[in-house]
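The next block holds one structure in the form of structure tokens; read it before the comments.
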Amino acid sequence: MSRRKGGSVTVEDGQDDWNVLILRVRDHRDKGAFAALFRHFAPRIKGYLMKSGASASLAEECAQDVMATLWQKAHLYDPTRASAATWVFTIARNRRIDALRKSRRPEPEDLPWGPEAEPDQYDTLALAEETAKLAEAMALLPDKQRALVERAYFGDLSHSEIAAETGLPLGTIKSRIRLALDRLRHKLS
């Protein structure tokens, strides 16, 4: 590693030198050391990201972000845990994963604006008829079955919660609900 007349730092391609530069950024906020790291790692990060499938613009953006992270979080670098290149490329890999996740997020659905349309009268009448048929079929169920179906479907309770409330065995609850649903299916079909 050597310092040029203009204050910039040049480095041989040795791993220890990159570690020293990150430590200088970490400990002294050395802009010359950062510039040398940037010149070396930014194009390599961009190439790495493009080989992994990123577009040139996304790779450039991620490379810039990685180098900004190196400057801001140099205090987190520990040369005993990883080499400089490993640390930098781990940051790059994580940025790439974040970018992929962000690009795969579904777009929020378009919410309707304004008053809702009136439901079709035919649909309203059909729903009322189905509701009346269901009420009649429920009334024909034995009391024990009807009570369990009401708790499970109208009370939004799980079978285990019903068992805890009633003290009945879980198998009994499941059997009664299954029998009740079979009877309802038969009555409604």
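The values are calculated or read from the model by the stated rules, or taken from the named source; none is laboratory data. Predicted model only: the values in this text are computed from it and were never measured. Note: ideal-geometry Cβ built from the backbone for every residue, glycine included; neighbour counts use all protein chains shown. The protein model used for the area step is the full one, side chains on, heavy atoms only, and it has no ligands, DNA or RNA in it. Shrake-Rupley method; radii C 1.70, N 1.55, O 1.52, S 1.80 Å.
With a simple spin-label model that places each label point 7 Å from the Cα along the Cα-to-Cβ direction, the separation between Ala82 and Ala117 comes to 5.4 nm.
With coordinates expressed along the principal axes, the C-alpha atoms belonging to the chain extend over 96, 46, 28 Å, beginning with the largest.
Over the Cα atoms of region 25-115, the radius of gyration divided by the Kirkwood radius equals 1.16; this is the Rg/Rh ratio. Remark: the chain carries a charge dipole of roughly 1360 debye about the Cα centre, counting +1 on each Lys and Arg Cβ and -1 on each Asp and Glu Cβ. Projecting label points 7 angstrom from Cα along Cα→Cβ for Ala56 and Ile97 puts them 2.9 nm apart. Dividing the mean sequence gap of close Cα pairs (under 8 Å, 6+ apart) by how many residues the chain holds gives a relative contact order of 15 percent. The helix-based estimate of mean residue ellipticity at 222 nm for the chain, built from -39,500 (n - 2.57) per DSSP H run of four or more residues and divided by its residue count, is -22000 deg cm²/dmol to the nearest 500. For region 71-154, the Kirkwood estimate of hydrodynamic radius, built from reciprocal distances between every pair of different alpha carbons, is 20.1 Å.
Would you mind getting me the FRET efficiency between Lys187 and Ala126? Use the beta-carbon distance for r and R0 = 25 Å, nearest 0.05. After rounding, the FRET efficiency stands at 0.90.
Surface composition of region 141-189: carbon and sulfur atoms hold 52% of the protein heavy-atom accessible area at a 1.4 Å probe. Principal axis extents of the Cα atoms in region 132-189, from largest to smallest and rounded to whole angstrom, are 32, 18, 15.
Residue separation of Arg29 and Leu179 scaled by 0.36 nm, minus their Cα-Cα distance, works out to 46.6 nm of gained length.
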